[in-house]
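Before any comments, here is the structure.
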Amino acid sequence: MCCWVRGEGGSKINFREPVITNDSRFLLCASGESVKVYSSSSEECVHDLQGHTDLVSGIVRNPSNHLQVYSCSADGTVRLWDFTDGILIKTFIIGYPIYSIYVSENHGGVVFVVVPMANDKSSELFQLVAVHLPRSGDQEVEARELSAVLCDVSPSGAVSFGREGEYIAAAKGLQLEVFFFKKQKSYRFFLKSGNKKGAKNAFTCVSCHPKEDCIATGHEDGKIRLWRNFNQKKEYTYSTLHWHHGAVNTLQFTPEGTNLLSGGIESVLVQWRYTQENQKDFLPRLGGAITHIAVSPDGSLFCTSHSDNKITIIQSCVKVSAIIQGLVKGEGVRTDLMIDPRSKALVLNGKPGHLQFYSLPRDKLLYNLDIVQQEYIHEEGLDQFEVVKAAFDTRGDWLATVEERTQKGSELEINLKLWAYNEQTQSFVLNTTVTAPHEDQITAMCFSPSPETTMLVTISFDGHFKAWLLADHSDTEEGASWSCDFVGGYHLLKPGCCCFSADGSLLAVGFQEVVTVWSPSWELLTTLSQPPGAIRDLCFGRLSCSKYLLGTSTKNQLCCWNLLTCSLEWSTPVDVSLLQADPLSENMAAFCSQSGCSDLFVFKPGESRPLYSQRALCTGKVQHAVFAPRDQMLESCEEHAQWLNRSQLYFLTQHMDLMTFSTKTEEDRLLASSKRLMVDDSVAVTPFYLLLGKHRQQQQQEALTNPMAERIQLPQGSIAIKELLYTPAHVLPSASFLCSMFVRSLLISSSAAREEKEPVEEEMESEEEDSEGEAELRDARQDLGGSATWGPGEELGAPALTKAQERELRRVKHFDHSWLSSLLEC
């Protein structure tokens, strides 16, 4: 296959409880099929641990090594990671889909996982089993030694260890079950479904005290129960705490057990005093509903996961220190997927009343733009303003948004807002608000791509389309302002869609079963009819195919008109749920629904043969997609993948998963970059290292071409260089502080130079003395008439001297002894 579908960032980071490392420097969370490692101070993603082939369903710290974590997945494996270096250490194959994972320090070499009762993902019954991890040197090990601990548990993670691992508690429905490991016995406690006061007693979460026999449980009615004396089935007691007005989503004791943390839909973190239950502290307005709470092992950091795909890092329940925001995925996307022309960010609905600007390459939220500018109240049943439409102009100077609110027994409230881009703040600022721009719901809007004027067209179910024109006040002190320039309609029919041509010279508006084409002077040029069915979507061709206009209908027809002849060029019976044009090429993408799945066809309007097609792309209908221009054009050799050379296609599935297409060229590029990053394990991969790596490669090439060439070697093992390479950039001191230390490490110290120089001088001096001494010995032997074979060790029967001793004697001989004669004269 020339290209294939893959997930592209934006995964949920609030799916399971995050994990804070022992030193509180990093935070780990499950994100789709990978585990992301974030810095708790800079909020940046340090590592992306990839290896699982299905959804990651849990992360826990390794009790025996504080630099390692376990992760589990629905792919049936438990993986051990070194999160500091981003290395997969070992994979344990369980063979069953895993939905949660737990560990305890008192149970070494054992992990507890939640698996289905039957080896089937569709099973609705789950059990908690103990998995004994075998010790083996292999990277992949089968762990088949399983023992059941609890049956009929919740897959979402309502399980907790108590009293340092002496027992484990699980809650589901109206039942609380406690299993004691020493006794190998479990006790079950039941609550009634409700009483006269309308209480909802179903369990939602559980947390055990780390040092005492106390279990805290949360319930649907907002109550918290503290259970005691549960080691005997009949004599158990519980006390009740109540502050939350909605369900208690999560509970967590602090490491010492002095405080109990709770969270729910109110987005308020509540801290209860364990010994003084009437005293509690609050940290309000944290964003979306709190779904999970995690505490660092030393108790210095808390973190809360929220329903808007956000993780908030809190310093000891006092203040928010960092926010890690993922792609916000609500119940649905009311706006289309858009690309900001300036930042190239993906833009769509974010948290209530906002638009989110999300960087796809960095997989990070850039910022939220508050459109409604009203405080959102997290309470069911309230009618509040929602952002339903948004559009950018071609240069990214203007943004148009539509917000609406429907109240029972009253008319629909609609606001059209136009936002101007501010160069100083690097964001959009509200310029104009139009109250009630139409008498009914706005169904579509688009900007004219013409560079001569800045114009916005909106269409509504009230039977009209309106053109809003930006007034030119460059000669006066007045700011830019918008006004309605034209109101049009066609035989009292309701318009459903609109589209401008690539040069802005034509506007096409679909009025039920008729397509109308208008000129910039608002003259109706022509009308195009088609087989029965209301027009659902319109799209002009691009570049060489600009003479074509394509449309889809509710009667499963895709039609193509030739605007030069004003006739139907071709049509095909297909149920197109979404039609999208590539702004940089003639290509068009059509998502079609068939048998509960979506198919994709990529084609050029002037050609009968599609460029690319894929059946059963995903389940359900694809309602939102966008072509994102590439920063660097691909050079694909495959014919069927060339449609992805200039732009990349993103789409949202029915389950709100952001997907895209990957080509072999992209995979080869990623593989090549990963090979460049393969370095010695002792050196961290940083941009600074990559610069040195290029220099080192050049030196190696020079050594191969000219092995005898003399080169100056950099000092090996420099502490300063190692510190720069090992330490992450976000924790390094300032560059001004490091500069002097780094430059000093590259210099050779003067003392070391002297030490190297002195032995050389001593050797030269000794050689001179040796030659002088040998000459004197020859002279002495000639005076005494000795033989030539008489050696120094044979002189007068004296013992033989070593060379070092002879050298020392010669050095003494050259000393100045004149001070002795002055003493003798005295």
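The values are calculated or read from the model by the stated rules, or taken from the named source; none is laboratory data. As the structure is a prediction and not an experimental result, all values here were calculated from the model. Counting neighbours? That spans all protein chains shown, and the Cβs are built from the backbone with ideal geometry, glycine included. For the accessible areas, the whole protein counts, side chains as well, though only heavy atoms, and no ligand, DNA or RNA atoms are used. Shrake-Rupley method; radii C 1.70, N 1.55, O 1.52, S 1.80 Å.
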In this structure, is residue 386 among the acidic types (Asp, Glu), more than 21 Å from residue 423 (Cα to Cα) and surrounded by fewer than 17 Cβ atoms within 10 Å (Cβ to Cβ)?
-> no
Does the stretch 142-157 include one or more residues that are touching a residue at least 60 places away in the same chain (Cβ under 8 Å), open to solvent by 10 Å² or more (accessible area, probe 1.4 Å) and within 27 Å of residue 22 (Cα to Cα)?
-> yes
Pairs returned, first residue in the stretch 479-500 that is free of Cβ contacts under 8 Å to residues at least 60 places away in the same chain and closer than 12 Å to residue 460 by Cβ, second residue that is open to solvent by 30 Å² or more (accessible area, probe 1.4 Å) and of a type in the set (Phe, Trp, Tyr), beta-carbon separation under 9 angstrom, 6 or more apart or interchain, are 488/522; 494/461; 495/461; 496/461
If you check every pair at least six apart or on different chains, which have Cβ atoms under 8 Å apart with a residue in the stretch 543-556 that is part of a strand (DSSP E or B) first and a residue that is open to solvent by 60 Å² or more (accessible area, probe 1.4 Å) and modelled with pLDDT of 90 or more second?
-> 548/569; 551/536; 552/536; 553/513; 553/536
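Quick grid of which residues meet (1) acidic (Asp, Glu); (2) under 25 Å from residue 446 (Cα atoms); (3) buried (at least 16 other Cβ atoms within 10 Å of the Cβ):
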residue	(1), (2), (3)
295	no, no, yes
298	yes, no, no
312	no, no, yes
330	no, yes, yes
334	no, yes, yes
342	no, yes, no
375	yes, no, no
382	no, no, no
Hits in the stretch 303-342 - residues which are polar (S, T, N, Q), assigned to a loop (DSSP other than H, G, I, E, B) and more than 18 Å from the chain's Cα centre (by Cα) | 316, 335
Please list, ordered by first then second residue, the pairs with beta carbon atoms under 8 Å, 6 or more apart or interchain, first in the stretch 227-244 and in contact (Cβ under 8 Å) with a residue 40 or more places away in the chain and surrounded by 12 or more Cβ atoms within 10 Å (Cβ to Cβ), second of a type in the set (D, E, K, R) and part of a loop (DSSP other than H, G, I, E, B).
-> 230/213; 231/213
For the stretch 616-633, which residues satisfy the criterion of being of a type outside the set (A, V, I, L, M, F, W, C) and under 17 Å from residue 349 (Cα atoms)?
-> 623, 624
Those residues of the stretch 498-527 which are within 18 Å of residue 443 (Cα to Cα), open to solvent by 10 Å² or more (accessible area, probe 1.4 Å) and part of a strand (DSSP E or B) amount to 498, 499, 500, 514
Unique match (being touching a residue at least 12 places away in the same chain (Cβ under 8 Å), surrounded by fewer than 19 Cβ atoms within 10 Å (Cβ to Cβ) and under 24 Å from residue 294 (Cβ atoms)) among 125, 133 | 133
The stretch 609-655, residues that are open to solvent by less than 70 Å² (accessible area, probe 1.4 Å) and part of a loop (DSSP other than H, G, I, E, B) | 610, 611, 620, 622, 630, 634, 636, 638, 645, 653
Within the stretch 585-598, can you find the residues that are of a type outside the set (Phe, Trp, Tyr) and surrounded by 21 or more Cβ atoms within 10 Å (Cβ to Cβ)?
-> 587, 588, 589, 590, 592, 598
Selection count where residues are part of a loop (DSSP other than H, G, I, E, B) and either of a type in the set (Lys, Arg) or open to solvent by less than 60 Å² (accessible area, probe 1.4 Å) (or both), scope the stretch 413-439 | 2
Given (1) under 27 Å from residue 5 (Cβ atoms); (2) β-branched (Val, Ile, Thr); (3) open to solvent by less than 50 Å² (accessible area, probe 1.4 Å), residue 535 misses just (1)
Please indicate, with yes or no, whether at least one residue in the stretch 363-375 is free of Cβ contacts under 8 Å to residues at least 40 places away in the same chain, on the phi < 0 side of the Ramachandran plot and among the charged types (D, E, K, R).
-> yes
Picking from 89, 98, 59, the residue that is in contact with a Leu (Cβ under 7 Å, 6 or more places away or on another chain) and either buried (at least 22 other Cβ atoms within 10 Å of the Cβ) or within 22 Å of residue 293 (Cβ to Cβ) (or both) would be 59
Count of residues meeting criterion [crowded, with 20+ Cβ neighbours inside 10 Å and either touching an Asp or Glu at 6+ places or on another chain (Cβ under 7 Å) or farther than 12 Å from residue 588 by Cα (or both)] in the stretch 539-557 | 8
The lone exception for residue 361 - which of (1) farther than 17 Å from residue 647 by Cα; (2) within 14 Å of the chain's Cα centre (by Cα); (3) surrounded by fewer than 16 Cβ atoms within 10 Å (Cβ to Cβ) it fails = (1)
State yes or no: is residue 66 in contact with a Ser or Thr (Cβ under 6 Å, 6 or more places away or on another chain), under 30 Å from residue 136 (Cα atoms) and of a type outside the set (Lys, Arg)?
-> no
